[in-house]
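One structure below.
The values are calculated or read from the model by the stated rules, or taken from the named source; none is laboratory data. Note that the structure is predicted; figures quoted are calculated from it, not measured. A quick note on method: Cβ atoms are made from the backbone with ideal geometry, for glycine too, and the neighbour counts reach across all protein chains shown. When the accessible area is computed, the model is the full protein with side chains, heavy atoms only, and any ligands, DNA or RNA have been set aside. Shrake-Rupley method; radii C 1.70, N 1.55, O 1.52, S 1.80 Å.
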Amino acid sequence: MTPRTVTLPFPRRPKYGDAEITAATKLLREGRLSDVGRGPAIAALEDAFAALVDTTHALSFNSGTASLHAALHAVDVTPDQGVVMSPMTWVSAITAAFHAGSFPIFADLDPDSPNLDPAGLDTAHCSAVLVTHAWGVPAPMHRFTGFPVPVVEDCSHAHGARHQGRPVGSWGTAGCFSLQETKAVSGGEGGILTTSDRLVYERAMTLGHHPRRLAEELTAPELLPLIEAPASHKFRMPTLAAVIAHEQLNTLPARMRDSDRNLAHLTRLVENAGLPIAPVPIPADAVRGWYGTPFTLTTPVNDPAALHTRLQQARLPIRALYPDWLTTPLLSEAVLVERHWPHMRGRWTSPRPQDFPNYRRFRRQTVVLKIPDLPAPDYIEQVAAVLATTLRSS
Ligand SMILES: *Cc1c(COP(=O)(O)O)cnc(C)c1O
């Protein structure tokens, strides 16, 4: 008898294991939860990220949002020319463009992926391009090179992912990673900016780090006047977040391997059953990241909301898509944009949903499944069986 709903609990590792608890306890006993300079906990995490991403520098922040804000500030985005990005991202990647003194210019997705389409971007009339590796699917970064403007990668769904063998976060002028609790590497909250451009590293630092750290590290003559009194936000990462995230990096390879096996198992089962669903493919030489895994429904979905309700009722492990930011009041009512960001007065044009056919199709035809990150063959088999009954009855 095939169950109509998933009855097994979602298999999970403890979000924070003994190593995280030991590291956090040690720090508490030492009584050192804040570092104004580049102290040992912060340095260890930054060095580990620079090694993972293969960049010269990694700079910690208290959120992924702050790291995006700092990256866009560091590459010098302007109020006159916006930041090209796709709407398939978290809202703070969008608002970071406003916070950095610029604004988002939305462009459509690639027809076959959740990522920005590099073809036909008007890079002559923007100040940067922001590429999100959405739902862990690495964007084709080799097609985002040679632009006249800097490219910033949002790697918040893609810790450890690679494109053409090279880590995401190392292709663009800067990469940004969220370490928020739902992400594959978590400090509770936190963010990391990766770059091999010394000036970008230093400029990003001036936006949110302590004068002590600026005094220790700044070398660019035009930045030196900021040492005493940075024009600063407070974007430093607490040391507790740093030691926890550092431990999470140690288990990342094993978690990625187990997720991969589970996804391969599920893919085989749905293929063999001939179900009208398949994971968004990635190239053979790519490594995907993990933040929910997008599956394409291969037959037209007429009522996506009803489908999601049915999948949810069947207790399938669904992650909701982000709201549609193109139609959210903040971005569709110019008065709200102008109230929050005075540099936008008289400048904001709301996006028109009809200009984003691939994005709209992706939203209609995609379900995002959570894949367990530990061995879970029984669970995967049950998910495949319940998918079969749910999709066949629709
Ligand atoms: C989580 C996330 C962010 C924001 O990160 P926070 O750490 O929550 O500030 C930005 N972009 C994407 C794509 C995200 O998923």
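Could you please tell me which pairs satisfy a Cβ distance under 9 Å, a separation of 6+ or placement on different chains, a first residue in the stretch 1-27 that is more than 14 Å from Ala245 (Cα to Cα), and a second residue that is of a type outside the set (A, V, I, L, M) and exposed (fewer than 12 other Cβ atoms within 10 Å of the Cβ)?
Cβ pairs passing all conditions: Arg4/Ser393; Thr5/Gln313; Leu8/Asp378; Pro11/Asp378.
Please go through the stretch 99-127 and give me each residue that is outside any loop (DSSP other than H, G, I, E, B) and under 20 Å from the mean Cα position of the chain (by Cα), ordered by number.
His99, Pro104, Ile105, Phe106, Leu109, Leu116
Can you confirm whether Thr182 is under 16 Å from Ala128 (Cβ atoms), β-branched (Val, Ile, Thr) and in contact with a Phe, Trp or Tyr (Cβ under 9 Å, 6 or more places away or on another chain)?
Values: under 16 Å from Ala128 (Cβ atoms): no; β-branched (Val, Ile, Thr): yes; in contact with a Phe, Trp or Tyr (Cβ under 9 Å, 6 or more places away or on another chain): yes.
Considered against the rule, which asks whether it is under 16 Å from Ala128 (Cβ atoms), β-branched (Val, Ile, Thr) and in contact with a Phe, Trp or Tyr (Cβ under 9 Å, 6 or more places away or on another chain), Thr182 comes out as no.
Residue by residue, here is whether (1) surrounded by fewer than 17 Cβ atoms within 10 Å (Cβ to Cβ); (2) modelled with pLDDT of 95 or more holds:
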{"position": "Val287", "(1), (2)": "no, yes"}
{"position": "Arg347", "(1), (2)": "yes, no"}
{"position": "Arg352", "(1), (2)": "yes, yes"}
{"position": "Phe356", "(1), (2)": "no, yes"}
{"position": "Ile371", "(1), (2)": "no, yes"}
{"position": "Tyr379", "(1), (2)": "no, yes"}
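Could you identify the single residue in Phe144, Phe98, Phe103 that is within 28 Å of Val367 (Cβ to Cβ) and hydrophobic (A, V, I, L, M, F, W, C)?
Phe144
Within the group Phe61, Phe106, Phe49, which residue is at pLDDT 95 or above, out of contact with any strand residue (DSSP E or B) (no Cβ under 6 Å at 6 or more places or on another chain) and more than 15 Å from Thr173 (Cβ to Cβ)?
After ruling out the rest, the residue left standing is Phe106.
Quick grid of which residues meet (1) crowded, with 19+ Cβ neighbours inside 10 Å; (2) part of a loop (DSSP other than H, G, I, E, B):
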| site | (1), (2) |
| --- | --- |
| Val129 | yes, no |
| His142 | no, no |
| Ala158 | yes, yes |
| Gly169 | yes, yes |
| Thr194 | yes, no |
| Val200 | yes, no |
| Ala204 | yes, no |
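Go through (1) basic (Lys, Arg); (2) farther than 18 Å from Arg212 by Cβ; (3) surrounded by 13 or more Cβ atoms within 10 Å (Cβ to Cβ) one by one and return the number of the condition Arg12 breaks.
The number of the failed condition is (3).
Which members of the stretch 173-186 meet the condition of being within 14 Å of the ligand (Cβ to nearest atom), open to solvent by 10 Å² or more (accessible area, probe 1.4 Å) and assigned to a loop (DSSP other than H, G, I, E, B)?
Passing the criteria: Glu181, Thr182, Lys183, Ala184.
One residue is enough: does the stretch 78-85 have a residue meeting the conditions within 16 Å of the ligand (Cβ to nearest atom), within 27 Å of Arg363 (Cα to Cα), out of contact with any Cys (no Cβ under 9 Å at 6 or more places or on another chain) and not in a helix (DSSP H, G or I)?
Residues of the stretch 78-85 that are within 16 Å of the ligand (Cβ to nearest atom), as a first pass: 83-85.
Of the ones still in play, those that are also within 27 Å of Arg363 (Cα to Cα) are 83-85.
Next cut, out of contact with any Cys (no Cβ under 9 Å at 6 or more places or on another chain) only: 85.
From what's left, not in a helix (DSSP H, G or I): 85.
The answer is yes, given that some residue of the stretch 78-85 is within 16 Å of the ligand (Cβ to nearest atom), within 27 Å of Arg363 (Cα to Cα), out of contact with any Cys (no Cβ under 9 Å at 6 or more places or on another chain) and not in a helix (DSSP H, G or I).
With respect to the numbered conditions (1) away from the ligand (no atom under 16 Å from the Cβ); (2) of a type in the set (A, V, I, L, M); (3) open to solvent by 10 Å² or more (accessible area, probe 1.4 Å), which one is the sole condition not fulfilled by Ile42?
(3)
Scan the stretch 197-211 and report the pairs whose first residue is modelled with pLDDT of 95 or more and among the aromatic types (Phe, Trp, Tyr) and whose second residue is crowded, with 23+ Cβ neighbours inside 10 Å and outside any helix (DSSP H, G or I), with Cβ atoms within less than 7 Å and a gap of 6+ or a chain change.
From residues that are modelled with pLDDT of 95 or more and among the aromatic types (Phe, Trp, Tyr), the pairs are Tyr201/Leu59; Tyr201/Thr195.
Which one of these is assigned to a loop (DSSP other than H, G, I, E, B), hydroxyl-bearing (Ser, Thr, Tyr) and either open to solvent by 10 Å² or more (accessible area, probe 1.4 Å) or within 16 Å of the ligand (Cβ to nearest atom) (or both): Thr55, Thr95, Thr25?
The match here is Thr55.
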